[in-house]
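Written below as structure tokens is the structure these notes are about.
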Amino acid sequence: DTGVSQDPRHKITKRGQNVTFRCDPISEHNRLYWYRQTLGQGPEFLTYFQNEAQLEKSRLLSDRFSAERPKGSFSTLEIQRTEQGDSAMYLCASSSSSGGDTGELFFGEGSRLTVL
Amino acid sequence: TQLLEQSPQFLSIQEGENLTVYCNSSSVFSSLQWYRQEPGEGPVLLVTVVTGGEVKKLKRLTFQFGDARKDSSLHITAAQTGDTGLYLCAGALDTGNQFYFGTGTSLTVIP
């Protein structure tokens, strides 16, 4: 399977715990995005990488959230001291800059977080 | 508030009917995409429009980008049950490469 993969698919945690999600993009894609989505709503932009550089981070993202893409391949999204409001689907997408600014985003199936 | 507002938020129609979904913003976009998302899956691209006034057709789906590149519409002719899903517009601002998604339209086509 050469699509975008995310792990874990589901995570249940207690409030105050830290969680980490991993995203493996399509191998030749240099752009990687993280989004958060609640049921029936559109994905909310969190952050964006081009290669290993984090080029943009949403102002809505609190300092409890951090993302890395150390070698320009896979990425991790960590949420520290989780709150119930963090419960959502976390989606990762990748694209190729060779597609220009109109490049198609390829999404993974998401990591669903439930904070009790 | 989200950058792109979609209307309606929910739509339930009979098979065979036509429908239009709207995506509006006060911002100008360099390109706009439409995605469809099914439960438990990530969004899948349907179309990309880049030129103001552009119209693209994909079988029974017709997409239009507004002349000022601030809005878009998706029209489905003779809806089928397989069209059921969450429809999302996503725009790229002139100033960056990130895509901002709309609020979503949940479509249910009843047989």
* Read through the list (1) within 17 Å of A:Glu44 (Cα to Cα); (2) of a type outside the set (Lys, Arg); (3) at pLDDT 95 or above; (4) touching a Ser or Thr at 6+ places or on another chain (Cβ under 7 Å), then give the number of the only condition that B:Leu88 fails. => (4)
* Taking into account only those residues within segment B:9-43 that are of a type in the set (A, V, I, L, M) and touching a strand residue (DSSP E or B) at 6+ places or on another chain (Cβ under 6 Å), which is nearest to the other protein chains (Cβ to nearest Cβ)? -> B:Leu32
* To do: Return the residue satisfying two criteria in turn: it lies in segment B:1-11 and is part of a strand (DSSP E or B) and not charged (D, E, K, R), and of such residues it is surrounded by the fewest Cβ atoms within 10 Å (Cβ to Cβ).
  => B:Phe10
* Restricting attention to strands (runs of 3 or more DSSP E) lying wholly within segment A:1-62, give those where 1 or more residues are under 23 Å from A:Glu104 (Cα atoms). => A:5-7, A:19-24, A:31-37, A:44-50, A:53-57
* Is it the case that segment B:85-92 has a residue that's in contact with a strand residue (DSSP E or B) (Cβ under 8 Å, 6 or more places away or on another chain) and assigned to a loop (DSSP other than H, G, I, E, B)? -> no
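Residues checked against (1) away from every other protein chain (no Cβ under 14 Å); (2) among the acidic types (Asp, Glu); (3) under 22 Å from A:Leu116 (Cβ atoms); (4) free of Cβ contacts under 8 Å to residues at least 24 places away in the same chain:
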{"position": "A:Asn51", "(1), (2), (3), (4)": "no, no, no, yes"}
{"position": "A:Gln80", "(1), (2), (3), (4)": "yes, no, yes, no"}
{"position": "A:Ala93", "(1), (2), (3), (4)": "no, no, no, no"}
{"position": "A:Gly103", "(1), (2), (3), (4)": "no, no, no, no"}
* Could you say whether any residue in segment A:60-70 is aromatic (Phe, Trp, Tyr) and under 26 Å from A:Gly40 (Cβ atoms)? -> yes
* **From A:Leu32, A:Leu55, residue being of a type outside the set (Gly, Ala, Ser) and surrounded by fewer than 19 Cβ atoms within 10 Å (Cβ to Cβ)** => A:Leu55
* To do: Kindly establish whether A:Pro25 is closer than 19 Å to B:Leu46 by Cα and either in contact (Cβ under 8 Å) with a residue 60 or more places away in the chain or crowded, with 20+ Cβ neighbours inside 10 Å (or both).
  => no
* To do: Confirm whether B:Gln14 is surrounded by 16 or more Cβ atoms within 10 Å (Cβ to Cβ) and either in contact with a Ser or Thr (Cβ under 9 Å, 6 or more places away or on another chain) or in contact (Cβ under 8 Å) with a residue 24 or more places away in the chain (or both).
  => no
* Out of segment B:44-68, which residues are surrounded by 21 or more Cβ atoms within 10 Å (Cβ to Cβ) and modelled with pLDDT of 95 or more? -> B:Phe63, B:Phe65
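The values are calculated or read from the model by the stated rules, or taken from the named source; none is laboratory data. Here the structure is a predicted model, which means the values were calculated and not measured. Ideal geometry is used to build each Cβ from the backbone, glycine not excepted, and the neighbour counts take in all protein chains shown.
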